[in-house]
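The values are calculated or read from the model by the stated rules, or taken from the named source; none is laboratory data. All values derive from a computational prediction rather than experimental measurement. Please note: Cβ atoms are built from the backbone with ideal geometry, for glycine as well, and neighbour counts cover all protein chains shown.
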Amino acid sequence: MPSKTARMVMTLGVFAAIGVIMLTPVVTAVNANTGTVSVTDETVTAQTDERVDLRGYDIDPASVTVEAYNDSSGSWEMTTEYTLYDQPGEIQFDVQNSTLIDDGEEVRVTYDYQATGELTALVAGFIPVGVGLFIFVGIARRVETMM
């Protein structure tokens, strides 16, 4: 039969492993919702004289590529016949003057956007640390009562 110290070390090891496993989804969630996010081929419908909402906001204008389907060639082609409103995450197509985009036609937009501000990303980065402390303090208290 193992000694009390051996049982305590084994118990601590098991709880630590469980704590690390439980911390992984928290870290993943924080990383997925902060910093720069890339959106590839988001499909939107061009509408005359109307802005269309994109999923992202605070869009990096340098990262934007817009493709429209060319019926003549049967392929997607890049176009610059749009106006980007990067802060609210909207795009408006110049349907009336376009040679490529028709009203009601689907257009693909690829871009990067900043999911959170710097302060929010910093604060959110501490969430896994807090969860980790919560788990490991609980383990330490339990081990202390076993001693």
(message) Of everything in the stretch 25-51, what is modelled with pLDDT under 70 and either farther than 30 Å from Ala62 by Cβ or in a loop (DSSP other than H, G, I, E, B) (or both)? Give them in sequence order.
(response) Val26, Asn33, Thr34
(message) Suppose we filter the stretch 85-111 for residues that are under 21 Å from the mean Cα position of the chain (by Cα), within 15 Å of Glu42 (Cα to Cα) and surrounded by fewer than 16 Cβ atoms within 10 Å (Cβ to Cβ); how many remain?
(response) 1
